[in-house]
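Some notes on the structure that comes next.
The values are calculated or read from the model by the stated rules, or taken from the named source; none is laboratory data. All figures in this text were calculated on a predicted structure; none of them were measured in a lab. Methodologically, a virtual Cβ is constructed for each residue, glycine included, from the backbone with ideal geometry; neighbour enumeration extends over all protein chains shown. When the accessible area is computed, the model is the full protein with side chains, heavy atoms only, and any ligands, DNA or RNA have been set aside. Shrake-Rupley method; radii C 1.70, N 1.55, O 1.52, S 1.80 Å.
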Amino acid sequence: MRITKFTHSCVRLEHDGGVLVIDPGTWSEPRALAGADAVLVTHEHTDHVDVLRLAGLGVPVFAPEGAVLPDLAPLPVTRVGAGRRFTAAGFSVTALGGRHAGIHGGQPDCANLGYLVGDAVYHPGDSLHRPEQPVETLLVPAQASWLKLTEAIDFAHAVGAERVFPIHDAQLNERGLSSVNGWFAETVAGYRHLAPGESA
C-alpha cells in the first residue's frame, strides 16, 4: 500500500489500482483528490473536509453518523458508525471510536471516526482512540488545540505500530500559528506572541 501525506490530516492511499483519500480538508491540496475512487471523512471540521471539493468530485464519500455536513446531502454519502466494516475504493475499512477528543473549556465535541484501512493503516481523525487489534502503520496527530504532545507520544506507544507518520500538523506552520495564538489569547491573561525580530 502506498501512503502519500498531504497538508494537515489528508492522506492518500493507493493499492491495486484503488485510490482512497482520507480527510481532504480546506488546508490540504486539491491534487490529493486527483483520480480518487472514494473518500473517508473522520468528522465535520473544515480542516478535515472541504465539502465544495467533494461536491464536484462525484465519488462515494463515507462519513460518521451524526456528523453535521448539510452541504454533502446531495452527494453519494454513506453514513457509518463505530464498529462497522465496509469496502471503499477496494480497501476494507473498519470504523473505530465515535467521538472527537475533548476540547478546552467544555466546548462541544462532535462525531469522529478513526478508520483502520486494510487492517494495516490507522487514521484516528481528531481522537486518540486506541484500536484493539494490531496496527502496522499509525497516522498520529502531531499538534492540535485539543492535544498535548505527551498524549500523542503515549498514544503512539500504546498502539505499538511498526511505522508512525505525523498528521494534523498544519498548525505548526504560519496558518496554524494564528489558531494557536487565538487559543492562548482567549485563555491566558497577558499572552502575546512575539514575531521573529520583535522585542517586548
Residue-level accessible surface for residue 167, protein heavy atoms, 1.4 Å, Å²: 0
Candidates 65, 132, 44: whichever shows maximal mean-square fluctuation once the chain is modelled as a Gaussian network with Cα springs under 10 Å: 132
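For the stretch 113-177, which whole percent of the accessible surface, found with a 1.4 angstrom probe, sits on carbon and sulfur atoms? All intermediate terms of the calculation are to be shown ahead of the outcome.
Values: 1560 of 3050 Å².
Of all accessible area on the stretch 113-177, carbon and sulfur atoms account for 51 percent.
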Size of charge dipole - the chain - debye, nearest 20, with Cβ of Lys, Arg +1 and Asp, Glu -1, no other charges: 100
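Loop sites only, by DSSP: take the trypsin sites (Lys or Arg not before Pro) in the chain that have at most 14 other C-beta atoms within 10 Å and name the longest stretch containing none of them.
Excluding the exposed sites themselves, the longest stretch runs over 1-147.
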Most positive-pole-ward Cα, 135, 146, 98, against dipole of the stretch 91-151 from beta carbon charges: 146
For the chain: accessible area per residue (Å², 1.4 Å): 48
Approximate spin-label separation residue 68-residue 92, in nm, with each point projected 7 Å along Cα-to-Cβ: 3.6
Relative contact order (%) - the chain, alpha-carbon pairs under 8 angstrom, separation at least six: 14
Prolate/oblate/rounded label for the stretch 57-174 (Cα gyration tensor, a/c 1.5): oblate
Exposure rank, largest accessible area first [136, 29; 1.4 Å]: 136, 29
Computed over the stretch 69-166: relative contact order in percent, which uses C-alpha pairs under 8 Å that are six or more apart: 19
